[in-house]
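Laboratory data are not the source of any read-out in this text; all were calculated from the coordinates shown. Owing to the predicted nature of the structure, the values given are computational and were not obtained by experimental measurement. Ideal geometry is used to build each Cβ from the backbone, glycine not excepted, and the neighbour counts take in all protein chains shown.
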């Protein structure tokens, strides 16, 4: 289960995806860079992991047309949305939304983790 909510009070500002495809929520990256050195080696800088580098991509079939339109409305209205699933609660910026054939697909860039 996954919820997408408005960051402020909104009477219709919560959508619950009961059976989302969770594969797009599992991707993690580190702040790593590599530069070639003159001696033929490489210098690798590792600045660690932060949730702010995550992209959350989720797909699901909404239960109703109203649910799909509500997600579209929140995507267009809010610059940040609250996304909650088994790993935690995150504040995220909506990046893309599509709903081909009634299947909702949304990508959000994590701003920060709200839960520990």
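For the reader, a short list of remarks on this structure follows.
- Every residue from region 24-61 that is loosely packed, with under 12 Cβ neighbours inside 10 Å and closer than 15 Å to residue 88 by Cα: 26, 27, 28
- The set of residues in region 56-74 being in contact (Cβ under 8 Å) with a residue 12 or more places away in the chain and within 15 Å of residue 6 (Cα to Cα) consists of 67, 68, 70, 71, 72, 73, 74.
- Residue count for region 102-116, restricted to those that are under 17 Å from residue 20 (Cα atoms) and not in a loop (DSSP other than H, G, I, E, B): 6
Conditions tested, residue by residue: (1) in contact with a helix residue (DSSP H, G or I) (Cβ under 8 Å, 6 or more places away or on another chain); (2) loosely packed, with under 12 Cβ neighbours inside 10 Å; (3) under 15 Å from residue 17 (Cα atoms).
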{"site": "70", "(1), (2), (3)": "no, no, yes"}
{"site": "77", "(1), (2), (3)": "no, no, no"}
{"site": "83", "(1), (2), (3)": "no, no, yes"}
{"site": "89", "(1), (2), (3)": "no, no, yes"}
{"site": "95", "(1), (2), (3)": "no, no, no"}
{"site": "99", "(1), (2), (3)": "yes, no, yes"}
